[in-house]
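Notes to accompany the following structure.
The values are calculated or read from the model by the stated rules, or taken from the named source; none is laboratory data. Worth saying up front: this structure is predicted, and the values here are computed from it rather than measured. As a convention, Cβ positions derive from the backbone with ideal geometry for all residues, glycine included, and neighbour counts pool all protein chains shown.
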Amino acid sequence: MAEITAKAQQDPGDCRLFIGTSGYSYTEWVDAGFYPPGTKSGRMLPLYAQHFSITELNYTWYQMPRAEVIERQRGQAPKAFLFAAKLTRSLTHEIDREHWPDHAARYRDGVTPLVQAGQLAAVLIQLPHSFHRTSPNREYLAMLLDALHGLPLAIEFRHRSWANDRVFAELERRGVTLVGVDGPDLPGLFPSLDVVTNPDLFYVRFHGRNTKGWYSGNMQHQFDYNYSDDELREWIKDKIETMNDRARRGVLFFNNHVRAQAPANALRMADLLKERGLTVV
């Protein structure tokens with residue numbers, strides 16, 4: 001993978017890092033004390049934006065985004081606040097092989113307010129573990145990337161078969177970001193890498209390392225994990241500093257949301273990055 005990861009070095013501090021969480025509207029975060037007692041979901045984004053400069057929209061995976069809803073949501077945050085939006089499941093997990101082009105067009109329309117405002121950091125294409133690197137899947141993914149061309153795209157593979165230099169080279173050719181992941185060390189899962197395929201953006205998601213709960217089918221078990229300072233420092237030293245030197249912007253999201261570990265770990269990560277002299281927005 002050396003050929004793919006060897007990028008021209010830039011001046012230290014050129015890369016701007018945005019730290020946040022995968023979703024922000026969790027009732028358990030009220031119980032955990034991140035939000036004040038009695039906070040309703042509709043009031044969470046302005047409070048969240050007091051701590052973070054970016055968030056990852058999870059609801060756009062469950063339902064197709066609508067421009068009017070996105071516009072109202074955008075208005076709840078500062079003008080410089082950024083959003084990453086997950087691609088809808090009908091294009092990743094429950095693919096309708098006949099009507100997917102219509103779904104892609106509807107998704108484009110839905111996120112238009114973020115595009116027009118310059119607040120769309122990325123569209124996250126999260127592919128399931130069952131999406132192996134087969135000829136039909138490779139063909140579908142190529143067509144999907146073509147259909148979404150022009151949007152800032154980032155792909156998270158879950159299956160190890162996609163950890164391949166030819167895949168990375170094609171993403172680099174297309175200007176698509178490979179998402180770095182931290183998760184449990186289990187057979188078949190996509191590995192943790194520092195590969196940067198797009199000099200405009202690197203993207204990392206921290207899912208937690210709950211080995212026992214990963215395949216439980218219960219998100220409350222799967223993502224119940226709290227990162228230690230040593231684990232965060234290891235990521236910074238081994239991967240983030242390298243990625244920081246190869247891109248102009250980096251986004252890092254914590255998905256271990258169950259007991260509000262995600263915002264706590266995200267805030268701690270921001271402090272540790274600053275200690276290393278990196279630029280956190």
### Message
Residues that are of a type in the set (V, I, T), in contact with a helix residue (DSSP H, G or I) (Cβ under 7 Å, 6 or more places away or on another chain) and at pLDDT 95 or above: does segment 24-31 have at least one?
### Response
no
#### Entry: Selection within segment 175-187 - surrounded by fewer than 16 Cβ atoms within 10 Å (Cβ to Cβ) and at pLDDT 95 or above
G175
## Note on the structure
Subset of segment 202-261, residues at pLDDT below 90, closer than 13 Å to D182 by Cβ and crowded, with 21+ Cβ neighbours inside 10 Å, comes to F223
### Summary
Per the filter on segment 62-95, residues in a loop (DSSP other than H, G, I, E, B) and of a type in the set (K, R) are R66, K79
### Query
Exactly one of (1) touching a Leu at 6+ places or on another chain (Cβ under 9 Å); (2) among the aromatic types (F, W, Y); (3) over 30 Å from M143 (Cβ atoms) is unmet by W29. Its number?
(1)
### Message
Which condition from (1) under 30 Å from G150 (Cβ atoms); (2) touching a helix residue (DSSP H, G or I) at 6+ places or on another chain (Cβ under 9 Å) is the one that Y215 breaks?
### Response
(1)
